[in-house]
1. Could you list all residues from region 110-119 that are part of a strand (DSSP E or B) and open to solvent by 30 Å² or more (accessible area, probe 1.4 Å)?
2. The conditions are (1) in contact with a helix residue (DSSP H, G or I) (Cβ under 9 Å, 6 or more places away or on another chain); (2) surrounded by fewer than 19 Cβ atoms within 10 Å (Cβ to Cβ), and ALA201 fails exactly one of them. Which is it?
3. Filter region 123-136 down to residues that are open to solvent by 10 Å² or more (accessible area, probe 1.4 Å) and part of a strand (DSSP E or B), then give me how many there are.
4. Can you confirm whether region 68-76 contains a residue that is among the charged types (D, E, K, R), at pLDDT 95 or above and out of contact with any Asp or Glu (no Cβ under 9 Å at 6 or more places or on another chain)?
5. Filter region 160-196 down to the residues that are in contact with a strand residue (DSSP E or B) (Cβ under 6 Å, 6 or more places away or on another chain) and under 24 Å from LEU48 (Cα atoms) and list them by number.
6. Find all pairs meeting these conditions: Cβ atoms under 6 angstrom apart; at least six residues apart or on different chains; first residue within region 184-197 and aliphatic (A, V, I, L, M); second residue surrounded by 14 or more Cβ atoms within 10 Å (Cβ to Cβ) and in a helix (DSSP H, G or I).
7. Look through region 137-148, keep the residues that are among the hydrophobic types (A, V, I, L, M, F, W, C) and in contact with an Asp or Glu (Cβ under 8 Å, 6 or more places away or on another chain), and return whichever of them is surrounded by the fewest Cβ atoms within 10 Å (Cβ to Cβ).
Amino acid sequence: MESLSHGPRGPGFDVTGPDPELLALPAPPKQERTVTVALMAVTALAALYMAFALLGEARYALSPGQPVDVGELAALRPGPDLANRYVRAVGLLGTRGAIRYGRAAEGDSFRLAPVAGNPGLWVEIRVPEGFEGPRFVPPSSFAGRLVPFGSAGIRHARLAGEVEEQAGTSVSGDAWLLIDGSSPRASRWAVALVALFLGFAGWNLFGIARVLHRVKDA
């Protein structure tokens, strides 16, 4: 009686030991894998930082679209209830400490000046392209985002330093900023960017988890 065959036998099917062809394969590129994981981690952290930096403007974009009338700026002493709110106000701007600046990829220029009679409150106004000059008269009524100076966001992060550098005047730590012309509707771009950065960070973190899971299985 013939014995039953237990599978193919031969030089290519030795199941009693490790496959020599597998042993001949090069070891996984550990250094390249480490660099990849590190780059993905840095990218995820950078995306999370950008999302956090834009969070204030994103919250402002979701606030009510009707401005709160706060009256005369010279007498205004903002509190937490007015932080990151859309407000309407009137007032005169002072000249001491006022600066002019521009932003990359924008034809308009900007002016920043303290409120006359209230140095703890500053106003940023946008000057349309072609209107800047010695004859420009700043407005006396404003509507925009009112926020503590230090919480204005990434686009205004260097403003205090610019004031000190250009005008030799320091901005107090408890100063507030009114960004004229910045309505919640005009700030909706921040919501889209926060979602984009969070999604990008999540994608990189998921990729890191997959790479580390493969290493663990190996």
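The values are calculated or read from the model by the stated rules, or taken from the named source; none is laboratory data. Model, not experiment: these values are computed from the prediction. Because the Cβ atoms are built from the backbone with ideal geometry, glycine has one as well, and the counts that use them run over all protein chains shown. Side chains included, ligands, DNA and RNA excluded: accessible areas come from the protein's heavy atoms. Shrake-Rupley method; radii C 1.70, N 1.55, O 1.52, S 1.80 Å.
1. Within region 110-119, ARG111, PRO119 meet the criteria.
2. Single failed check for ALA201: (2).
3. 1
4. yes
5. PRO184
6. Short answer, once both residue conditions are applied: ALA190/GLU57; ALA190/ALA58; ALA190/ALA61; VAL191/ALA58; VAL191/ALA61; VAL194/ALA51; VAL194/ALA58.
7. ALA143
Yes/no matrix, rows are residues, columns are (1) under 23 Å from ASP108 (Cβ atoms); (2) open to solvent by less than 60 Å² (accessible area, probe 1.4 Å); (3) touching a helix residue (DSSP H, G or I) at 6+ places or on another chain (Cβ under 7 Å):
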site	(1), (2), (3)
ILE154	yes, no, yes
ARG158	yes, no, no
GLU165	yes, no, no
SER170	no, no, yes
ILE179	yes, yes, no
SER183	yes, yes, no
ALA192	yes, no, no
LEU196	no, no, no
